[in-house]
Structures are given as structure tokens and as C-alpha cells.
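Below you'll find the structure, written out as C-alpha cells, and then a few comments.
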Amino acid sequence: MEASRIGVSKGMWNLPTLPTDNLYKLMTFAGMALMLAAFYILYSGVNRDFRDTGPYAYARQVQLQSRLEDTGLKPKPLPDRINESPYLRYEEYRDLIRSLPVEHPQAAQLRDLNEEVLMLGVELKLSEEAMEGRHTSFLCLAALGFLFLTLGAFRWYFGYQRYQDVIAYANALEATAKARGLGLSSQSINPHQPSPADNAG
């Protein structure tokens, strides 16, 4: 009873083992795994929330620019896309807001919006750096995986598989010769009809 339980438990947890008996097999499967990991890293961060993207941060910066202009201030024109340090633009807007009278009704809102735009800009820079790191990791893993896969498959075929093909072909020729010797080549094989070997016996 106890032995059967042990056998069942072993059968349930029968995990596949790596093909470490031959180095070229391990290299081939390792190359495939590295390439799959590379594509996973590349596409795992594609579907981001809109608030975490550059267009959202740029839109908030445009809103702040427009509000500053409504209060009579003259900030520098925005570039076509966010390609500058967020701290420089924050300091510029901060100095413009400080030039407003203390009792200005929109001064506090402008300061809060300027700080929000700063945080969005910093988050965007970090996100862009992370994406660059993803692309670098993808290129490294994909190149290494392709190299392992190519070398492993090359060694697998030329060091092992082609000899197995020759053996299989020789066995097929031998089986064909035996079938011809028994007269199986000139008649169709009927599963219900006894073979010549059976009749001879």
C-alpha cells in the first residue's frame, strides 16, 4: 500500500529533465529558451497605461504652458516632443510663477500643476531608460540564443542525426530485402490472410 502511494506520488511529480546527455542538445534548447525570453522582455511592457506614456506628459505640459500664458506670463515655446530635462522646464515655470503677485488666485494651482508636470517628466525619462534597457537585453539575448540554437542544431545534425538517418535507411533497405524474399513485394498485404511465413510454419 505504501509502495503504491510512493509510486503515485512519483508519477504525479515526474518533471522533465534537461537533455544534458549531449551538449549540442542542451545548447539547442538553451538557444530556443533564450530567444523566447528575449521576445518576452521586448513585448512585456508594450501595453502601458496612457498616464505612463509620453503623450500624456506632453499634454499636461501644454496645459501648464497655456495657463501660464493666460495669466500674462511668457514661457519659452515647447518643443515638438519632450526631449529636454524636466528639471530645466520646471525651474523656468517656477520662476515665472514666483513673479506673480502673492495674492494671485491661480498661483497655487500653477505651482501644483508645475510640480505634477515635473514628476510626469521624471517618470517618462525613467520609462524611456527602461525601454532602452529592454531593447539592449532583447538584442543580447536574441543574438546569444540564435548563436546557441545554430551551433546546437549544426552539431546535432552533423554529429548525430545524419548517422541516425543512415542507420534508419539501412534498416529500411534490409526490411525491404526481407519482404522481397518472403514474396511480399508482389502481392498486397491482407491482415486477414496468413503470410507465407505462417504457412511455412
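Taken over region 80-97, the criterion of being assigned to a loop (DSSP other than H, G, I, E, B) and surrounded by 11 or more Cβ atoms within 10 Å (Cβ to Cβ) is satisfied by Ile82, Glu84, Ser85.
Considering only residues of region 101-115 that are assigned to a helix (DSSP H, G or I) and exposed (fewer than 14 other Cβ atoms within 10 Å of the Cβ), which is nearest to the chain's Cα centre (by Cα)? Outline the logic, then answer.
Taking region 101-115 first, the residues assigned to a helix (DSSP H, G or I) are 107-115.
Then drop every residue that is not exposed (fewer than 14 other Cβ atoms within 10 Å of the Cβ), which leaves 108-109, 112, 115.
Details: Ala108: 45, Gln109: 43, Asp112: 39, Glu115: 35 Å.
The residue in question is Glu115.
State whether one or more residues within region 178-194 are out of contact with any helix residue (DSSP H, G or I) (no Cβ under 7 Å at 6 or more places or on another chain), assigned to a helix (DSSP H, G or I) and modelled with pLDDT under 80. Explain how you work it out, then say what you get.
Quick first cut of region 178-194, residues out of contact with any helix residue (DSSP H, G or I) (no Cβ under 7 Å at 6 or more places or on another chain) only: 178-181, 184, 186-194.
Filter again for assigned to a helix (DSSP H, G or I), leaving 178-181.
Narrowing the set further to residues that are modelled with pLDDT under 80 leaves 181.
Yes, the conditions are met somewhere in region 178-194.
Within region 99-147, being of a type outside the set (Val, Ile, Thr), in contact (Cβ under 8 Å) with a residue 60 or more places away in the chain and either touching an Asp or Glu at 6+ places or on another chain (Cβ under 9 Å) or under 19 Å from Leu78 (Cα atoms) (or both) holds for Leu120, Gly121, Glu123, Leu124, Ser127. In this structure, Arg81 does not satisfy being assigned by TED's automatic domain parsing to the domain that holds Glu123 and either modelled with pLDDT of 85 or more or among the polar types (S, T, N, Q) (or both). Pairing each residue of region 68-87 that is free of Cβ contacts under 8 Å to residues at least 24 places away in the same chain with any residue that is surrounded by 12 or more Cβ atoms within 10 Å (Cβ to Cβ) and among the acidic types (Asp, Glu), provided the two are 6+ apart or on different chains, yields C-beta distances under 9 Å for Pro75/Glu92; Lys76/Glu92.
Looking at the structure I just gave you, is Ile6 modelled with pLDDT under 75, hydrophobic (A, V, I, L, M, F, W, C) and closer than 30 Å to Ala130 by Cα? Show your work before the answer.
Numbers: modelled with pLDDT under 75: yes; hydrophobic (A, V, I, L, M, F, W, C): yes; closer than 30 Å to Ala130 by Cα: no.
In short, no.
Taking each residue of region 11-37 that is on the phi > 0 side of the Ramachandran plot and looking for partners that are modelled with pLDDT under 70 and surrounded by 15 or more Cβ atoms within 10 Å (Cβ to Cβ) with beta-carbon atoms closer than 8 Å, six or more apart or interchain, yields nothing.
The values are calculated or read from the model by the stated rules, or taken from the named source; none is laboratory data. All values reported here derive from a predicted model rather than from experimental measurement. Every residue, glycine among them, receives a Cβ derived from its backbone with ideal geometry; neighbour counts consider all protein chains shown.
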